[in-house]
Each structure stands twice: as structure tokens, then as C-alpha cells.
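Below: one structure, written as C-alpha cells.
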Amino acid sequence: MITCFTPSLARPRRKLDRISNLDDEKMHLERHRDMLVQEIRSLEKKESGVASNVVLTITDNEYQQLQNKRLQIIKHVEEAYNSGNILSTVKYFRDDSIVSGSQSSSVHLRGKDALVLDYLCTTYLFGDVRLHHAKVDCGGPRSQHFRVHWALSGTIKSAGVSMNKEFLELIESVKGHRVTIEGVSNFSFSGNKIVYVHRTADQTKFLSALFTLSKR
């Protein structure tokens, strides 16, 4: 009878041995995985360290050249608005660049052609557009941010999309008149590419100018 039970006892032992071997293999793989994770993290730290060192090796003179390039780009934006050659600005933007309007506006134009779309919207509302950058400020010698004080003048053509009946009537009464809007645009750069433009206009002064025109 003892010999009859021996095979049945051997099978569970073999199963236990296989389970034990699998557990050992699992632990070995987990240790190997942990080693790989540590190695990857170590490489990432080294790469980030190299990148930071590269940034630090840029001299003040080289960074000033980059700042001058950024100022030239902002100047080119002004010239492109006035000449109508707005497509020439596409090369200064990235696929993820954003151009936004005033604080109360939810409209965000995205992509390399964001400024082109903004220009088309502007020329839909105003004819014979002239943009003047009155003053350009930089946040510092190594800042990526520039603050541009501007004045835009144009002949009123349309109110655009507005649900305000009084505003629509006001625009209708001053169509064909020339008006000037003042405001500020904040440019943010990454390298020599514009990644963000946020514009605010002095809406109070703009509305005051419209009311003055309507009384003529």
C-alpha cells in the first residue's frame, strides 16, 4: 500500500518544486528589472546634468546675440503686419505655439500659422492696418519674455461676431472711420522660436474713441 501512494506524493512534490523554481525566476527578473530602472535613472540624471552644463556654457555675449535675434523677430512681426507679408512669420513659430487675445477672450490660436490667422481676423475687422511697436521691454539679459507696447490703427469695417446689439449699432455708425487701439503683447520664446503671444488691448480707450467718432 505504501508503494501505491508513492506516485501520488511525488507529483505534488514536483509541482512544489516547479512553483519554487518559478518564484526564484520571478525574484531574479524583478531584481534585474530594478537594476535596469536604476541604470535608466542614472543615465537620465547624467543627461540632464550635461544639458544644464551646456546652457551654462553659453556666454553673455552669445546670449546677447540670441536676445538681439528675438528683438529682430518681434520687429519682423511688426513689419509683416504693415506690409501684408504675414506668411513670412510662420518660420518663427512652432507647431505648439499659441496666440491669445485679451483676458476675457477664450479664443486661442495654435500652431505655426497662429499669427497668420490673427492677422486675417484683424484685417476682417479693420482695413489699411498699421501696427506700431512703441516700446519693447525685456525681463532681463537672459529672460525669454518680452513686453511690447503697441498701437494699431485701421479703418473700421466690421464688428465681427458680437451678441451685443448696442455695440453692433455703434460699429455700424462709425464704419469707414479710422480708429487707433493701444495695448500690450507679451512674447515668450524658446530659443529663436515664439511659443506664446498674449495680447491685451485698452478696451476702455477704444470704446471711448468709438463714441467720439459716432458723435461727429
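The values are calculated or read from the model by the stated rules, or taken from the named source; none is laboratory data. Here the structure is a predicted model, which means the values were calculated and not measured. A quick note on method: Cβ atoms are made from the backbone with ideal geometry, for glycine too, and the neighbour counts reach across all protein chains shown.
Scanning region 121-146 for residues that are more than 15 Å from residue 81 (Cβ to Cβ), surrounded by 14 or more Cβ atoms within 10 Å (Cβ to Cβ) and basic (Lys, Arg) yields a total of 0. Screening residue 99 with (1) surrounded by 15 or more Cβ atoms within 10 Å (Cβ to Cβ); (2) touching a Gly at 6+ places or on another chain (Cβ under 8 Å) gives one miss only, at (2).
Only residues that are closer than 17 Å to residue 80 by Cβ and of a type in the set (A, V, I, L, M, F, W, C) were counted in region 147-164, giving 4. The residues of region 81-103 that are aromatic (Phe, Trp, Tyr), under 16 Å from the mean Cα position of the chain (by Cα) and over 15 Å from residue 198 (Cβ atoms) amount to a single one, 92. Scanning region 62-80 for residues that are surrounded by 13 or more Cβ atoms within 10 Å (Cβ to Cβ), without any contact (Cβ under 8 Å) to a residue 60 or more places away in the chain and over 20 Å from the mean Cα position of the chain (by Cα) turns up 79, 80. For residue 174, the requirement of being free of Cβ contacts under 8 Å to residues at least 60 places away in the same chain, surrounded by 12 or more Cβ atoms within 10 Å (Cβ to Cβ) and touching a Leu at 6+ places or on another chain (Cβ under 9 Å) is met.
Given the structure, is residue 187 surrounded by 17 or more Cβ atoms within 10 Å (Cβ to Cβ) and either out of contact with any Cys (no Cβ under 8 Å at 6 or more places or on another chain) or more than 19 Å from residue 211 (Cα to Cα) (or both)? Spelling it out, residue 187 is indeed surrounded by 17 or more Cβ atoms within 10 Å (Cβ to Cβ) and either out of contact with any Cys (no Cβ under 8 Å at 6 or more places or on another chain) or more than 19 Å from residue 211 (Cα to Cα) (or both). The set of residues from region 169-209 being polar (S, T, N, Q), at pLDDT below 95 and farther than 16 Å from residue 70 by Cβ comprises 173, 200, 203, 204, 208. In region 112-141, the qualifying residues are those that are under 30 Å from residue 64 (Cβ atoms) and among the small types (Gly, Ala, Ser), and the one that is modelled with the highest pLDDT is 134.
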